[in-house]
1. With at positive phi and under 20 Å from the mean Cα position of the chain (by Cα) as the only criterion, which of Gly154, Gly146, Gly167 stands out?
2. Of the numbered conditions (1) at pLDDT below 95; (2) out of contact with any strand residue (DSSP E or B) (no Cβ under 7 Å at 6 or more places or on another chain); (3) not aromatic (Phe, Trp, Tyr); (4) not assigned by TED's automatic domain parsing to the domain that holds Ser287, Lys386 satisfies every one except a single condition; which is it?
3. Could you tell me how many of the residues in the range 351-408 are more than 30 Å from Glu62 (Cβ to Cβ), among the charged types (D, E, K, R) and in a helix (DSSP H, G or I)?
4. Could you list, in sequence order, the residues of the range 225-242 that are within 19 Å of Gly200 (Cα to Cα), of a type in the set (A, V, I, L, M, F, W, C) and within 13 Å of the chain's Cα centre (by Cα)?
5. For the range 101-145, give me the residue count where each residue is in contact (Cβ under 8 Å) with a residue 60 or more places away in the chain, under 17 Å from Asn35 (Cα atoms) and among the hydrophobic types (A, V, I, L, M, F, W, C).
6. Take the residues in the range 264-302 that are in contact with a Lys or Arg (Cβ under 9 Å, 6 or more places away or on another chain) and among the polar types (S, T, N, Q); name whichever of them is modelled with the lowest pLDDT.
7. Looking at the range 91-124, which of the residues that are outside any helix (DSSP H, G or I), surrounded by fewer than 20 Cβ atoms within 10 Å (Cβ to Cβ) and not aromatic (Phe, Trp, Tyr) is modelled with the lowest pLDDT?
8. Which condition number does Pro322 fail, the rest of (1) over 17 Å from Ile347 (Cβ atoms); (2) of a type outside the set (D, E, K, R); (3) in contact with an Asp or Glu (Cβ under 7 Å, 6 or more places away or on another chain) being met?
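The values are calculated or read from the model by the stated rules, or taken from the named source; none is laboratory data. The structure presented is a predicted model; accordingly, all values stated were derived computationally and were not measured. When we count neighbours, we look across all protein chains shown, and the Cβ atoms used for this are built from the backbone with ideal geometry, even at glycine.
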Amino acid sequence: MRKLLLLLPLLLLFACNNPITELDVVEKAKEIHNNVLTIDSHMDTPMWMTREGFDIGLDNTESFRGSKVDLARMQAGGLDAAFFAVFVGQGDRDEEGNARVRARALAMFDTIHNAIGRYPELAEVAFTSMDAYRLEKEGKRAIFIGMENGYPIGNDITLVQDYYERGARYITLCHTRNNDICDSSTDKDGPEHDGLSEFGEEVVSEMNRLGIMIDLSHASDESFYDVLAISATPVIASHSCARAICDNPRNLDDEMLKALAVNGGVIQMCILSAYVEKPAPNPQRDSAMTALREKYNNWEDLSDEELNSARKEWQELNVEFPRMLSTVEKVVDHIDHIIAITGIDHIGIGTDFDGGGGVEGCYDVSEMENITIELVKRGYTEEEIKKIWGENLMRVFRQVEEYAAKQI
């Protein structure tokens with residue numbers, strides 16, 4: 001101790017004469033970002049991939065304004081792996097509606113496999129947690145598949161295995177409205193099942209058996225706690241934030257975060273600005289989006305042609321009337337808060353790019369490194385950043401796989 005006290009003035013003098021510069025921070029962050037496995041747990045990029053002329057292997061910044069992700073920009077942003085979402089909005093829960101949404105989901109699975117399959121030198125569709133590490137070593141992007149909204153399951157439990165065999169490694173149980181599985185956090189009609197339905201309990205059990213991660217983003221608070229009570233494996237929230245910082249029902253409050261930590265699960269930090277901070281009024285955008293929803297029956301009961309037109313017009317409106325964006329700094333404020341509540345082992349990144357995600361400083365996937373720079377500025381170590389950028393999610397993924405392997 002005496003030697004340390006004698007050395008302290010010299011150390012302080014050295015630090016004063018050699019201050020850490022912004023360039024030092026950036027260079028350190030770049031090195032860390034390159035060293036660690038980086039994974040984004042939620043991207044809605046397949047909605048762009050269904051657009052004629054969109055090429056996942058090229059940089060689409062200019063050709064498809066508003067798009068946030070492609071393989072070229074993933075490489076530029078140092079993102080090693082991502083979960084592409086098979087997303088379907090909620091519609092009628094009858095035989096016809098279930099058949100229609102299943103067909104759309106299957107088409108989106110096929111789109112992902114076919115598009116990535118055209119670039120075997122750049123990427124592969126990944127199926128296991130170890131695939132991410134293998135592909136990183138090979139210099140390729142790992143593209144996992146998640147299914148956003150359990151609606152395509154309908155009320156047929158056998159379809160859970162069908163989607164697993166097509167590559168789904170997580171399923172978001174619901175979306176903006178209630179379905180046959182559980183209640184949503186944002187259904188305007190309120191709860192239907194008071195959480196998880198009896199069929200939803202079967203779905204959770206089947207996902208556990210098969211090795212599919214359970215995603216509770218979009219689920220109501222009651223659904224969240226119901227799943228934690230019965231799931232045999234840890235769960236994820238693939239794209240959510242801290243409700244204590246931004247009071248939105250899509251976000252998790254502190255008690256939910258504590259319960260998630262006890263469960264061993266992980267919340268993946270979303271960077272959709274309206275979930276990061278309360279948005280300022282934007283009347284032009286709001287009125288344009290309201291008119292679009294009215295034009296397309298609030299996205300319900302649309303033909304495939306109408307759905308494609310609605311997506312195209314929605315993407316065009318996002319360019320004409322851009323969202324008022326939050327910032328990388330405020331994103332990391334959420335990360336700080338979540339870690340203060342849960343510890344370092346229960347936080348990751350799930351941007352929701354191409355589904356509304358994007359902030360100043362991380363507008364598209366090519367700017368992912370800026371999150372790492374902000375983390376370094378705040379004193380996070382390489383080991384901590386490694387956990388945030390992927391190891392926490394991979395731990396849950398492995399636990400889910402290991403449980404399923406024991407059920408055979």
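1. Answer to the check: Gly167.
2. Only one criterion is unmet by Lys386, namely (1).
3. Matching residues across the range 351-408 total 12.
4. Listed by number, the residues that qualify are Ile236, Ala237.
5. 2
6. My answer is Asn282.
7. Only one residue tops the list, namely Asp92.
8. (3) is the only condition that Pro322 fails.
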